[in-house]
Amino acid sequence: MYNKKWLKNYSTKAFEDKYTYQGNDLGLTICKDHLCFKLWSPYALRVNLNIYETGDYNKNDLITSFEMVKEEKGVFTGKTSKDYVGKYYTYTVYFEDEQVNEFCDPYARSGGINGKRGMIINLKETNPKGWDKDVNPNKDLDVCDTVIYELHIRDFSADIRSGIKNTGKYLGLTESGTSLDGKGDISTGIDYIKELGVTHIHFLPIYDYGFLDESEAYNRDKYNWGYDPVNYNMPEGSYCTNPRDGMCRVKELKEMIKSLHDNGISVIMDVVYNHTFDEEFPFNKAVPGYFYRIDKNGNYSNGSACGNDTASERSMVSKFIVDSVEYWAKEYHIDGFRFDLVGLIDVETINRIQEKVDALDRGIFLYGEGWMLDTKPTKRGVVLANQKNINHLNDFAMFNDGLRDALKGSVFDKKEKGYISGNKKYTKEVRKSVTGLPKWSRRPADVVNYTSCHDNYTLYDKIQMGNPDITRENAIKENKLAAAIVTLSEGILLLHAGEEILREKINDKGEYVSDSVWSSDDVNEIKWENLLKNDVKEVYDYYKGLIAFRKAHPSIRFHNKNDVDKNIEFIDDNDNYLIAYTIKEGKNNIVIAYNSSKRAKNMKLNVDKLLIYVNEKKAGTDVIESISSNNGVVKVPACSCLVGIYKNK
Ligand code: CA
């Protein structure tokens, strides 16, 4: 229960004028000869700073506690000696209704077990060697030039055959030269990802989340994606080797990022500002009810389906989110941010974040789930960052769920087939998306194309769900067709880790798992042994070849709509199964054709010499064969992709 008077005030202009704090020093600042702590808690009567020996909240090891001083704008300040660096701290806030809350600093940079106590950390001591020279290795790439690989820290190295020593940890991403069973012939881990052609790894949440108990030993059956934020500015402890030591999670995450950068791979972080794990969330303990969309009668807005939508339209929530993103970008050298359910966040907050990251000039880009969600902002006229409102955003890309569902069938209907399985209902949608211009977008750079991600069934599982009798050979054909479409479409490319080796998520009952958020490592891990199968190796090579082809041709990476309009021309724009078009590229024309029918199709194209780079079997930057038209047509085999290049006449 929250104080109703406060709930009524929070979104008023009077409250915001009186209490919006602009300073950049909330949380802990290490000054020359003292430590400074600042907490924003406008309705607190008084606040105590508590300093503890350890980060273990079960230990009764308080060193000292003293009252902080109330200053302007609802900020409380405490100053202490620098001797406490390395210790842990909390705040205790006393309110008029006899409510007393003790909690971790919402701005805490690190903490002990389960992030219950913040750490008084000197961040400079956490930097790996060479950190000051560390840069985004792909800074100069346009967003459409990137190849994004969506990965969970644990999925990457949980498989005992991975040859990776640091199972399920940040450090697993620092190991190079790993191979299947450590035998040396089949690369796994980072070497594998590099060979595939990935430029950016997008990690599922790496901030401190709530589901796993960090005091417990690694357990293959206790697993989570991490969409349950506890401390937004602290790394998750279960991925480090010693979550009791607040230095460890910070150091090891930085080592991971440094190592990826050294390997030419940029790092994208999945951020979930739209809701919190629960209402024990530190900010909520400092300013009860302020962080959430709760109306004056105590009703919660629930567009996130997680029960507590974030009130990003409030000045100090907005500031908290902007500060947090800027902090990760600066302190951890993060190269991009993926916003979970960004359709719940207001466009002003997102544009402010954009300004901050642009000012860093490190090639950072932003994208997110711009779904239209039923949320109830606490102010009038709030514009939400969803697909419909993309015009209000300066530069922010959104997931193309239209293409995702068109390719493999709706994620809300497990039996439905998509275009790749010959469902002609979706042909038009695919045709729109290949140019990077689904209905809602302004330009290809607005659009993140994908066919699968951590949510829902994997691509290979969905193909089989839609057609239980399908042969392995045909399922692979359909998978390759989806891969070709998603990789060769205009826009931004995102691949679900393991999609390229037919990743499946099957539980011990033999069922496909749709949302594997609570499943074990057995279900979730990338199974590196797949690479031993010849047909899987072929699929992997196909993805790799498609990526190489994409990278070799700027005209399949147009940023702007103008270039699409000027250079792309459809050949058959009415067929139920055949999608075919040409793209001008200098003196050449690239022709791309997809046929989802069970029969071969004739594409109208009159050329003497068409050099083929992608067909149903192979893909890459080498010419597979040279063909010519027969009576003004070129044959596109059943369920396949054909890509060729011919010279302009
Ligand atoms: Ca945690």
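The values are calculated or read from the model by the stated rules, or taken from the named source; none is laboratory data. Worth saying up front: this structure is predicted, and the values here are computed from it rather than measured. Using ideal geometry, Cβ is built from the backbone for each residue, glycine included, and neighbour counts are taken over all protein chains shown. Ligands, DNA and RNA are stripped out before the accessible areas are found, and what is left, the full protein with its side chains, is counted by its heavy atoms. Shrake-Rupley method; radii C 1.70, N 1.55, O 1.52, S 1.80 Å.
Numbers below:
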{"item": "Pick from the range 242-294, criterion among the hydroxyl-bearing types (Ser, Thr, Tyr) and more than 15 Å from the ligand (Cβ to nearest atom), ranking: farthest from the chain's Cα centre (by Cα)", "result": "TYR290"}
{"item": "Every pair of residues 6+ apart whose Cβ atoms lie under 6 Å, when the first sits in the range 236-249 and is more than 14 Å from GLY118 (Cβ to Cβ) while the second is near the ligand (Cβ under 10 Å from one of its atoms) and of a type in the set (Lys, Arg)", "result": "CYS240/ARG249"}
{"item": "Single condition TYR460 does not satisfy, out of (1) more than 22 Å from ALA580 (Cα to Cα); (2) touching a residue at least 60 places away in the same chain (Cβ under 8 Å)", "result": "(2)"}
{"item": "Residue in the range 232-241 that is open to solvent by 10 Å² or more (accessible area, probe 1.4 Å) and within 16 Å of the ligand (Cβ to nearest atom) present", "result": "yes"}
{"item": "Residue count, the range 210-228 (criterion: buried (at least 24 other Cβ atoms within 10 Å of the Cβ) and within 12 Å of the ligand (Cβ to nearest atom))", "result": "1"}
{"item": "Scan of the range 375-412 for residues that are closer than 30 Å to ASN467 by Cβ and among the hydroxyl-bearing types (Ser, Thr, Tyr), ordered by number", "result": "SER410"}
{"item": "Filter result (assigned to a strand (DSSP E or B) and without any contact (Cβ under 8 Å) to a residue 24 or more places away in the chain) within the range 558-613", "result": "GLU569, THR582"}
{"item": "Which numbered condition ILE201 misses (of (1) away from the ligand (no atom under 14 Å from the Cβ); (2) in a helix (DSSP H, G or I))", "result": "(2)"}
{"item": "Criterion (in contact (Cβ under 8 Å) with a residue 60 or more places away in the chain, open to solvent by 10 Å² or more (accessible area, probe 1.4 Å) and touching a Phe, Trp or Tyr at 6+ places or on another chain (Cβ under 9 Å)) met by exactly one of GLY289, GLY336, GLY298", "result": "GLY298"}
{"item": "Test: residue in the range 376-383 that is modelled with pLDDT of 95 or more and under 22 Å from the mean Cα position of the chain (by Cα)", "result": "no"}
{"item": "Options VAL513, VAL486, VAL523; residue that is modelled with pLDDT of 95 or more, surrounded by 22 or more Cβ atoms within 10 Å (Cβ to Cβ) and not polar (S, T, N, Q)", "result": "VAL486"}
{"item": "Test: residue in the range 174-190 that is farther than 21 Å from GLY264 by Cα, within 16 Å of the ligand (Cβ to nearest atom) and surrounded by 16 or more Cβ atoms within 10 Å (Cβ to Cβ)", "result": "no"}
